[in-house]
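Below is one structure, written out as structure tokens, with a few remarks after it.
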Amino acid sequence: MSATDDRRSTDLVELVDAEGNACGSTGMIDAHTHGKRHRAYSLMLFDGRGNVLLQRRAAHKTRFAGIWGPTCCGHPAPGQDVVAHARLHCFEELGISGVEPREVGTVDYDLGDPTSAYVEVEHNHVLIAFYSGTPAAHPEEIDEVRWLPVAELARELDDPPDGVRYAEWLRPVADVAVPAAEKFGLLNVDATRAHDTHQRNVYSYYQFKTSDKINTEAGPDDYVHSHFALTPYNPTVLEVTDPGQRQDAILREIHRMENLQCEAVIDLMPPLPPTGRVLDAACGRGGTSFRAWERFGCTVHGVDFSEQRVAFANAVAARRGVSDQVRFFHANVEDTGLPEHSYDVVLFNEAAVHVPDMRKLFAETARLLRPGGSLVLVEWIADSRTTRTAAEVTAINNNYYTALPSRGEVLSWMLTARLVPVHVADRRRDVLPYWELRSHSDHRTGVENPFVTAFTAGSMNYLLCVAAYQPDHVRTLQDSRS
């Protein structure tokens, strides 16, 4: 028995009736010894190129040892959210953080284990998600992983290669998961605004992020944010005794903190008249855009290369009756296609790091700004070239498909684009409470500890920067060096 099997042997599972309704609980061993129907899930990860990730269960597992199965399988505790458990379990087993599972169906089965006396009588929730990377499989759980084309998987389920044993539940799970992955675009990602493989992965990460309650669920004020926060949290939210109410309180507090971050970011902008124009670059679902409009009452445009995020933001604008002033466009921030020198402010609220070449990003920013206009950049970046390779920074890069640049590189690239910094501040200490609070949420992803480590150790900065577009001034500086 593995150490994790031994630890989980005392875990409770949720018993269900024939329709999947909860009807009690029992121990993990009891459910699998006496064939009691219980809730489970199987998560299948697809890379957007027609491949699915499979795992071979460790040879020392107590059940179904050495058998190939879905990417990740597990049992939520009684009353626990299936998607939230799957997200965390994927990190525990495979070192993969940040996946966003989508439930696409259920399958039921009664199967005996050919490697033991245990049985699986399960109501299994089938989940799918996007992932494109290299897992770090936990040796206590997994002996091997491999990416396999879905067409090849279908052939191998019919005729397994020598020495390959597939879990019997993999076929019914695949019968549900593969068509759903095709329906939702996970088999072949059509990233029309992505310029390269890196952007394609970033696009997929956000395009398929639709059920993450922290980053996609609107607060009571109808705002949705995809950024951190800069204020302490109210500790009383962790004192709520009812588990469900405590989780709701944590989400409300995170949203409140994110709203305050928006205000701090907008405070960096110059006062704008109603005739002013702001571009929220890589705007996500528009939370910052709407806050900026409420502050200044001016024209605010947003661009993002995720169709679903742009559609969501435009729907909010229509619902609020402000579509004439707040509009969102499906475009790549490297090449927006918007008129040159037409904005007073270009804003990046934790978005620039998702662009692989910030030099192109800043060149486009300079093209869009009026002379004397402002770039407002809020970003999490590496402190130096040395810390770019720190373990915690690498973990964050793997989560978000980023390649975090150093602070020096970012400021240098801004100057090259004639964007002259006039305000630079590192607020890494102020962002720590946000990540500490997130670590208490059932919707945490596994990336919380790397952020806490990075900001505590100083291997990353949380940079707030304002730069003025001053082409003549920068040209003079360049001429003086020659």
- Query: Pick from the stretch 1-30 the residues that are at pLDDT below 90 and in a loop (DSSP other than H, G, I, E, B): which of them is farthest from Glu93 (Cα to Cα)?
  - Reply: Thr10
- First in the stretch 10-36 and in contact (Cβ under 8 Å) with a residue 12 or more places away in the chain, second anywhere and among the aromatic types (Phe, Trp, Tyr) and open to solvent by 20 Å² or more (accessible area, probe 1.4 Å), Cβ under 6 Å, 6 or more apart: His32/Tyr118
- Message: Against the definition (surrounded by fewer than 19 Cβ atoms within 10 Å (Cβ to Cβ), in contact with a helix residue (DSSP H, G or I) (Cβ under 8 Å, 6 or more places away or on another chain) and under 30 Å from Gly95 (Cβ atoms)), how does Ala390 come out, yes or no?
- Response: no
- Look at the stretch 273-283 and say how many of its residues are closer than 17 Å to Phe228 by Cβ and open to solvent by 10 Å² or more (accessible area, probe 1.4 Å). 2
- Counting only helices (runs of 4 or more DSSP H) wholly inside the stretch 138-240, the ones holding at least 2 residues that are of a type in the set (Phe, Trp, Tyr) and modelled with pLDDT under 85 are 197-207
- Hey, does the stretch 102-120 have a residue that's touching a Leu at 6+ places or on another chain (Cβ under 8 Å), open to solvent by less than 40 Å² (accessible area, probe 1.4 Å), under 20 Å from Ala395 (Cα atoms) and at pLDDT 90 or above? no
- Item | Restricting the stretch 284-300 to residues that are without any contact (Cβ under 8 Å) to a residue 60 or more places away in the chain and open to solvent by less than 20 Å² (accessible area, probe 1.4 Å), the residue that is nearest to Met269 (Cα to Cα) | Ala292
- So which residues in the stretch 260-272 are open to solvent by 20 Å² or more (accessible area, probe 1.4 Å) and in a loop (DSSP other than H, G, I, E, B), if there are any at all? Leu268, Pro270, Pro271, Leu272
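Residues are listed down the side, and each one gets a yes or a no for (1) at pLDDT 95 or above; (2) in contact with a His (Cβ under 8 Å, 6 or more places away or on another chain); (3) outside any loop (DSSP other than H, G, I, E, B):
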{"position": "Glu258", "(1), (2), (3)": "no, yes, yes"}
{"position": "Thr275", "(1), (2), (3)": "yes, no, no"}
{"position": "Asp280", "(1), (2), (3)": "yes, yes, yes"}
{"position": "Cys283", "(1), (2), (3)": "no, no, no"}
{"position": "Gly302", "(1), (2), (3)": "yes, no, yes"}
{"position": "Ala313", "(1), (2), (3)": "no, no, yes"}
{"position": "Val316", "(1), (2), (3)": "no, no, yes"}
{"position": "Arg319", "(1), (2), (3)": "no, no, yes"}
{"position": "Phe328", "(1), (2), (3)": "yes, yes, yes"}
- Message: Among the residues of the stretch 325-347, what is the count of those that are in contact with a helix residue (DSSP H, G or I) (Cβ under 9 Å, 6 or more places away or on another chain) and on the phi > 0 side of the Ramachandran plot?
- Response: 1
- State all residues of the stretch 248-259 that are open to solvent by 50 Å² or more (accessible area, probe 1.4 Å) and not basic (Lys, Arg); if no residue qualifies, say none. Asp248
- What number of residues in the stretch 257-272 are more than 12 Å from Pro433 (Cβ to Cβ) and either over 20 Å from the mean Cα position of the chain (by Cα) or aromatic (Phe, Trp, Tyr) (or both)? 10
- Message: When you check Asp426 against the structure, is it charged (D, E, K, R), surrounded by fewer than 22 Cβ atoms within 10 Å (Cβ to Cβ) and at pLDDT 95 or above, yes or no?
- Response: yes
- Note on the structure: By residue number, the members of the stretch 394-423 that are in contact with a helix residue (DSSP H, G or I) (Cβ under 6 Å, 6 or more places away or on another chain), assigned to a helix (DSSP H, G or I) and either open to solvent by 50 Å² or more (accessible area, probe 1.4 Å) or over 13 Å from Ala352 (Cβ atoms) (or both) are Ala395, Ile396, Trp413
- Scanning the stretch 62-97 for residues that are in a loop (DSSP other than H, G, I, E, B) and closer than 14 Å to Leu45 by Cα gives Pro70, Thr71, Gly95, Ile96, Ser97
- Pick from Leu94, Leu45, Leu54: which is crowded, with 19+ Cβ neighbours inside 10 Å, under 21 Å from Val173 (Cβ atoms) and touching a Ser or Thr at 6+ places or on another chain (Cβ under 6 Å)? Leu45
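The values are calculated or read from the model by the stated rules, or taken from the named source; none is laboratory data. Keep in mind it's a predicted model, so treat the numbers as computed, not measured. With ideal geometry, Cβ positions are generated from the backbone for all residues, glycine too; neighbour counts draw on all protein chains shown. To get the accessible areas, we keep the full protein, side chains included, count just its heavy atoms, and leave off ligands, DNA and RNA. Shrake-Rupley method; radii C 1.70, N 1.55, O 1.52, S 1.80 Å.
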